[in-house]
Structure formats: structure tokens, C-alpha cells
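Worksheet: one structure, shown below.
Values in this text are rule-based calculations from the coordinates and carry no lab data. Since this is a predicted model, take the numbers as computed values, not measurements. Reconstructed Cβ throughout: ideal geometry from the backbone, glycine too, with neighbour counts over all protein chains shown.
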Amino acid sequence: MAIDHRGAQPARAAVATTLLACAAAIAHAGGGATAGGSGPVLALADLRVVGAAAAAYPGVAYPFAPGRLVLGQRLHWVPLAPADAPAASRARCCLQLGAARGAVPAGALSLGAAGPSAPMAGRSARARPAPTMPVIALAFTGAGATVSNLSAQGLTLRWAGLPGAVQVAHCTSGEGLHVRLSGWPSPGAVQQLYLPLGMDVEPSCPPDMLVPPAAASAPR
């Protein structure tokens, strides 16, 4: 008996579409890779608005290169500042990303040998559960991430199945927060973001954190 396959094509297409939709949903919910599928994404999250005001104005997340933040993505997060923010050896879940906010005057700047970049484009970011105090956090995707060596000015971040570790150092300088990643996105790489805080803060940065990463890591 001959089998007519003509009616199977729409069904196969529907199944393929469903599978693609499921894969996209899993990628957004788990946040396991960059836009290119090459690994985790790291971001600096400004969560200084708390309470009722946060409903109208959530936080903002700024990606470290080469990551790209995606609408609906969920990231784990760990507080970096202030120094008395509740510490945790395990990252918190989750930071939900919303619409792109575009470049804003108080946005984070990328520091490099050529000088600071223009204010970066960020995405709105809402923490669940909401923090009980204003904090600035390191946010990241990827299953199996662990945080260790947590201190007032740094931490170590590792992912199961990925070699090496990312060393995170942070400090303040006058009116802003510096966050430097060593070992990201590859061993030996260094990059740094600066977030203007819009207020005077007690400086805590050592001299090498005030030098662009490319210059700081160059042979002397």
C-alpha cells in the first residue's frame, strides 16, 4: 500500500517550529550562552532603586564584551557594592532582563587603552527577589557557576566544564565604581567597566585600578 506523505509536510514544519520555540525559551530562561552560543554572559547590574520605586524604574544591566543581553534573559547575580551588602557564597536567582534602555548619561563606560567609551547601551533588569538595599551586582548566565573568595573588593567566578576562573576586582574612585575582570573572555584577557554613581563616595581603588587595563597588563 502506498503512503501519501503530502500531508506530513505541514506537521513536520509545525513540529520543527515548536522545537525551535522550546529551544529559544530554554536559552532565555537558563541564559546559558552568548548570542553566538560560545559561553556564559557577564554583566554589571545597577540595582540601586528599591521598594515601590523599582516597579516604575527597575535596574539596568550593562554587558561585558563579548556578551549580548537579550530580552527575557535570566541571570544569576551576586552583590559587589556597597561593601556591607549581604554576602553570599552562592549567587542569587534571578535577574530578569527587559527592554533595551539605550545609551544613558549615567551609563557604564568601558575603559581601554584608547580611553573611556561612550555610555554603554543597557537593558532594564529586575531582581527577583528584590534586594532589600541599593546594590550594584555582578550578573551572569551559565549553569554550574560558583562564587568563591568573596571579599569586600573581589570574588572568583568559575563555571563547571569551563577551564580557568574569572577574577573580579572592584573599588570606588571619587564618584564611581570600577569593576575589572581578569581572565575574561579568555585566559590572560583583562577588561574593565566604570559606573558613574552620581554622588561622592569614599575612594578605595589602588593605583593600578585607575590605569586602563591594557596599559596595566602591558610588560614594563
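Odds and ends about this structure:
- Label-reachable residues, region 140-177, where backbone N falls under 17 Å from a point 7 Å from D200's Cα toward its Cβ: 172-177
- Segments 201-207, 138-144, 169-175, 109-115 sorted - mean Cβ within 10 Å per residue, highest first: 138-144, 169-175, 109-115, 201-207
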